[in-house]
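Each remark here refers to the structure printed beneath this line.
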Amino acid sequence: MAAAKNTTAKSAEAKAKSTEFEFKGETFVIPAPMDLSDDVLDVIEEGGGERAIARAIVGQEQWATYKGLRCTIGQFNDFLDLVSEAAGFGDSGN
C-alpha cells in the first residue's frame, strides 16, 4: 500500500493539484508538494519537530482550525499522518 500512496503523491505533484482531507468534520486543503510554502523547508532545516512541520504545512488559518478541535495526542498523530500523506511525504511513521 505504501507504493500506492507514493504513486498518488507523485501523481498529485506532477499535476500540481492540492489535496483535501477531512478530519473530525473539518476539511483541510494541502497545496501540491511543490507549492508548499518555503517556510516548511526552514522548519525542517532548523530541526523543527513534527508539530512545527505540520503547522508550517497547513498554514496559520488551518492550524487554528485544527487547534479548535481540541485533539488528543493520539488524534494529532492521526492528523499528522493525513497531513504528511497529502503533502507528499508519505506516512509520518507514528
Check your understanding: How many nm is it between the label spots at Ala52 and Asp38, if each spot is 7 Å from the Cα in line with the beta carbon?
Key -> 1.9
Point to revise | Accessible area (Å², 1.4 Å probe, nearest 10) - Val29 | key: 60
**Study point:** Solvent-accessible heavy-atom area per residue, rounded to whole Å², over region 25-66 at 1.4 Å
**Key:** 59
Exercise for review: Classify region 14-59 as rounded, prolate or oblate from the Cα gyration tensor: take a ≥ b ≥ c as the square roots of its eigenvalues, call it rounded if a/c is under 1.5, otherwise prolate when a/b beats b/c and oblate if not.
Suggested key: oblate
Review point. Using mean Cβ contacts within 10 Å as the protection proxy, how do 61-68, 75-82 order, highest first?
Key: 75-82, 61-68
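The values are calculated or read from the model by the stated rules, or taken from the named source; none is laboratory data. Computed from a predicted structure; not experimentally measured. Using ideal geometry, Cβ is built from the backbone for each residue, glycine included, and neighbour counts are taken over all protein chains shown. Accessible surface is based on the protein model in full, side chains and every heavy atom, while ligands, DNA and RNA are left aside. Shrake-Rupley method; radii C 1.70, N 1.55, O 1.52, S 1.80 Å.
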